[in-house]
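As structure tokens, the structure follows; a few thoughts come after it.
FYI, it's all coordinate maths here, none of it is from the lab. What you are looking at is a predicted structure, and each value in this text was computed from that prediction instead of being measured. Cβ sites come from the backbone with ideal geometry, for glycine too, and all protein chains shown count toward neighbours.
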Amino acid sequence: MGPGARVRPPTRRRRHLAALALAAFATLPARAQTVPTVAAASDLQFAVEELAAAFERTTGHRLRLVFGSSGQFKTQILQGAPFHLFMSADEGFVYQLADAGKTEDRGRAYARGRIGIMVPPGSPLKADGELKDLAAALKDGRLQKLAIANPDHAPYGARAKEALQHAGLWPAIQPKLVFGENISQTAQFAVSGSTQGGIVALSLALAPAVARKGTFALIPESWHQPLKQRMVLVKGAPPAARAFHDHLSTPAAQAVLKRYGFEMPQD
């Protein structure tokens, strides 16, 4: 979490309502329920898999998880894709769906994300959050390829572009960029050796499966627009989707998100 970040705990009423919803849902027969599909931004992969496993153990009911680019999910939902809960890495996509009448409401903020630079062992680059070594490597020829998510539809890619612009590197570095379709694929590019590194999500860099494959350094949050992440129920969502949505605001779920480097929303 960033310095000075404050976490506002859920109100007693919210905790009570979430607990009631979860308890009521758990009593419903499995055959009476639709297995909900959760469309989640790729930065959430490890955190949401853990959260979903705990939810399934508690309720005995399954969730179908799909991870990808928030922008692509937004487009698919507009076209009628059968998703029930959308966990976006950018609140703007949720608002667009709400304005289009596709969601139950304007959603709920659940986290703020962070980005940083990650380099694999043996890379000529250093994991330098202020990107000074990246600038030097661009000039002296050490940098051949750098991975970022596609800024046209992936929020983490858009924030990476803003950080590179802030550092004054964007015009010169564009020919060196390798675009991932989402931030999970970008992290794979960054640590696989196919690039010298990449700008990835803190939540992925903290996951043990990724952390052991490279070195990571946070980029200052002031270098880019905040990654305000928001979730929303799509119209017609089944009870299981609503129960999981409510579960994500409980202290236990928030503790998991914080462990993966997410900051809790301030509003």
What residues have an amide H closer than 5 Å to that of LEU65, excluding those fewer than 5 places away on the same chain, when H is modeled at 1.01 Å from N in the peptide plane? VAL38
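Work through the residues other than ALA147 whose Cβ is under 12 Å from its Cβ and net out their charges, Lys, Arg +1 and Asp, Glu -1.
Working: positive: LYS145, LYS176; negative: GLU181.
My count for the surroundings of ALA147 gives +1.
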Per residue of the chain, what 222 nm ellipticity follows from adding -39500 (n - 2.57) for every DSSP H run with n ≥ 4, rounded to the nearest 500? -11500 deg cm²/dmol
Taking trypsin sites (Lys or Arg not before Pro) that fall in a DSSP loop and have at most 13 other Cβ atoms within 10 Å as cut points, what is the longest piece of the chain between them? 107-211
What FRET efficiency would be calculated for the residue pair LEU206, LYS132, taking the C-beta separation as r and a Förster radius of 30 Å, to the nearest 0.05? 0.80
Ranking THR103, THR59, PHE262 by how far each Cα lies towards the positive end of the charge dipole of the chain (+1 on Lys and Arg Cβ, -1 on Asp and Glu Cβ), the top one is THR59
Amide H of LEU143 versus every other amide H placed in the peptide plane: which residues, excluding those fewer than 5 positions away on the same chain, fall under 5 Å? LEU138
Ratio of alpha-carbon Rg to the 2.2 N^0.38 Å globular estimate for the chain, to two decimals, please. 1.04
Can you give the Rg to Rh ratio of the range 116-267, both from alpha-carbon atoms, with Rh computed by the Kirkwood formula? 1.03
Which lysines have a Cα lying under 22 Å from the Cα of LYS228, excluding residues fewer than 8 positions away in the same chain? LYS74, LYS102, LYS161, LYS258
Label point distance in nm, PHE179-SER192, each placed 7 Å from Cα along Cα→Cβ: 1.7 nm
Based on DSSP, what percent of beta bridges with both residues in the chain are antiparallel, to the nearest 5? 60 percent
Compute the distance from the alpha-carbon center of the range 31-100 to that of the range 171-214, in whole Å. 23 Å
Using the Karplus equation 6.51 cos²θ - 1.76 cosθ + 1.60 (θ = phi - 60°), what ³J(HN,Hα) coupling, rounded to whole Hz, does each residue of the range 107-117 give in order, writing x for Gly and Pro? x, 9, 5, 10, 5, 10, x, 9, 10, x, 9
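Please give the charge dipole size of the range 67-115, origin at the Cα centre, charges +1 on K and R Cβ atoms and -1 on D and E Cβ atoms. Round to the nearest 20 debye. Please list the in-between numbers first.
Working: 6 positive and 5 negative charges, 33 e Å.
About 160 debye.
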Between GLN144 and GLN266, the two model label points (7 Å from Cα along the beta-carbon direction) sit apart by a distance in nm of 4.3 nm
Over the range 115-218, what is the mean sequence separation of C-alpha contacts under 8 Å (at least six apart), divided by residue count, expressed as relative contact order in percent? 42 percent
For the chain, with the dipole built from +1 on Lys and Arg beta-carbon atoms and -1 on Asp and Glu ones, taken about the Cα centre, which of VAL210, LEU233, ALA39 lies farthest toward the positive end? LEU233
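Could you work out the relative contact order of the chain, using alpha carbon pairs under 8 angstrom and six or more residues apart, expressed as a whole percent?
Numbers: 554 pairs, mean separation 84.0, N = 267.
Over the chain, the number comes to 31 percent.
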Sorted by chain and then number, the residues having a modelled amide H within less than 5 Å of the amide H of LEU169, at least 5 places away or on another chain, are none
Let me know the charge dipole size of the range 115-218 about its Cα centre in debye, to the nearest 20, where only the beta-carbon of Lys, Arg (+1) and Asp, Glu (-1) is charged. 200 debye
Explain nothing, just the number: dipole magnitude of the chain about its Cα centre with +1 on each Lys and Arg Cβ and -1 on each Asp and Glu Cβ, in debye rounded to the nearest 20. 560 debye
